[in-house]
Ligand code: HEM
């Protein structure tokens, strides 16, 4: 539409006027001169029902609550210092993910094995998220206890439901058509039960072992509890704030990281020259005698470029996260009334020599301005390390390669349906766009242990 309507056009989504912008000059105008005007998010029924009535950081209206929580998250939870402390957790989860893949290969008689990568990577990012936030194990292979199973199901339902179209968000009088209300309320109850258990456990542990928990061993919930318990909010409000903030971080981190990793792998499988270059670079800088370490990442220039190019070609949130104008303003000479929803077309330009951190408006996969993604460093740390270790440890291919190799009977793998929501998932129907370069089951890579 941008091609025929220009870099700024408005559409009506039900009762709401929506402004769509597709040029970096206008993005800059929105996130610099008018950044405060667009610092809030539109409300939605799904977030009201499942997101503690907009107490989740990512959906909270602009104001004192959002400002205080954002500061706490940026300074205490996602600071470089905290990320440094959390690195062993990320490394351990990435290694468990690789170990599981290796065991599959061994079980398959040391032959190439067919793996549903989306599910595996989903498990990996969720494990990292839940471990760093609540110190809990979250691996579907270990889903033995009830809390874990209920948590997995509730979070999966949350991700599936939060992006669903709700009639009442567009046309309030059509609320009676929103038949999935009931499912949302049920999911909210389940989520609250799981998150509530986590908060209670942490509170007891804090009281019991306060002296024993060293700073390095604290997860996000410990930090939130110790920071918020000193405030003057009543306990139930503190608990709601903690649960909502943790849910916001888990949901902000999960889908986005999964889709970026999946796209990176798919793009590399579609471009074997690029794949070979990454492998050669790993060979040169890391070699065969050890694993990739975090300190190798700055030297892996080509791998860094692959991640950047993936974020440019397939930004995980292709229309960013919606904002809403709090006051009338002017964008590109057009009058924008208060209440207008703002969507930013992220498919804009090049990444060459541009920084991802919201300062170069031609390339903003993590958004920009005061509501920009606070998890950039966390995400880049996980993306680089997981991709580097996976490509260093295994040979990847498509099912076509597997057929060509012949011989071993591949293990069967399930196919999952694409997700809804804000993020750009890779679906079978995108096949056409790739002109069949990749096999129909292209989210199912095969893995082989390099000789
Ligand atoms: C590839 C990974 C990721 C991508 C592409 C991504 C992208 C984004 C984008 C585009 C936004 C909206 C920004 C705006 O409105 O300008 C956002 C918001 C947000 N992201 Fe991320 N994100 C990623 C990973 C993460 C991680 C790892 C976390 C947490 C650990 C996280 C937490 C959040 C939160 C809490 C918000 C809402 C911020 C607010 O409204 O104040 N994200 N992200």
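Name the single residue that is farthest from residue 371 (Cα to Cα) among those in the stretch 332-347 being away from the ligand (no atom under 15 Å from the Cβ), outside any loop (DSSP other than H, G, I, E, B) and modelled with pLDDT of 95 or more. Step by step, filter the stretch 332-347, then rank; the result is 335.
Would you call residue 45 in contact (Cβ under 8 Å) with a residue 40 or more places away in the chain, surrounded by fewer than 22 Cβ atoms within 10 Å (Cβ to Cβ), out of contact with any strand residue (DSSP E or B) (no Cβ under 7 Å at 6 or more places or on another chain) and more than 20 Å from residue 366 (Cβ to Cβ)?
Values: in contact (Cβ under 8 Å) with a residue 40 or more places away in the chain: yes; surrounded by fewer than 22 Cβ atoms within 10 Å (Cβ to Cβ): yes; out of contact with any strand residue (DSSP E or B) (no Cβ under 7 Å at 6 or more places or on another chain): yes; more than 20 Å from residue 366 (Cβ to Cβ): yes.
Yes, satisfied.
Conditions tested, residue by residue: (1) under 30 Å from residue 85 (Cβ atoms); (2) at pLDDT below 70; (3) in a loop (DSSP other than H, G, I, E, B); (4) within 11 Å of the ligand (Cβ to nearest atom).
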| residue | (1), (2), (3), (4) |
| --- | --- |
| 373 | yes, no, yes, yes |
| 390 | yes, no, no, no |
| 402 | no, no, no, no |
| 407 | no, yes, yes, no |
| 411 | no, yes, yes, no |
| 419 | no, yes, yes, no |
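Here residue 97 clears all of (1) at pLDDT 95 or above; (2) surrounded by 20 or more Cβ atoms within 10 Å (Cβ to Cβ) except the condition numbered (1).
If I ask for residues that are over 23 Å from the mean Cα position of the chain (by Cα) and in contact (Cβ under 8 Å) with a residue 40 or more places away in the chain, which ones from the stretch 96-118 would you list? Result: 102, 104, 105, 107, 108, 109, 110, 111, 112, 113, 114. In the set (1) exposed (fewer than 15 other Cβ atoms within 10 Å of the Cβ); (2) under 30 Å from residue 33 (Cβ atoms), residue 298 fails one condition alone, (2). Only a single item in (1) buried (at least 17 other Cβ atoms within 10 Å of the Cβ); (2) part of a helix (DSSP H, G or I) is not met by residue 153, and it is number (1).
Matching residues to (1) under 23 Å from residue 225 (Cα atoms); (2) modelled with pLDDT under 85; (3) crowded, with 20+ Cβ neighbours inside 10 Å:
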site	(1), (2), (3)
125	no, no, yes
157	no, no, no
168	no, no, no
177	no, no, no
187	no, no, yes
190	yes, no, no
197	yes, no, no
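Starting from residues that are assigned to a helix (DSSP H, G or I) and under 16 Å from residue 333 (Cβ atoms), keep the ones in the stretch 1-31 and report whichever is nearest to the chain's Cα centre (by Cα).
Only one residue tops the list, namely 27.
Taking the criterion of being assigned to a helix (DSSP H, G or I) and within 12 Å of the chain's Cα centre (by Cα), the residues of the stretch 375-388 that qualify are 376, 378, 379, 380, 382, 383.
The values are calculated or read from the model by the stated rules, or taken from the named source; none is laboratory data. Note that the structure is a prediction, hence the values are computed from the model and not measured. Here the Cβ is made from the backbone with ideal geometry for all residues, glycine too, and neighbour counts use every protein chain on show.
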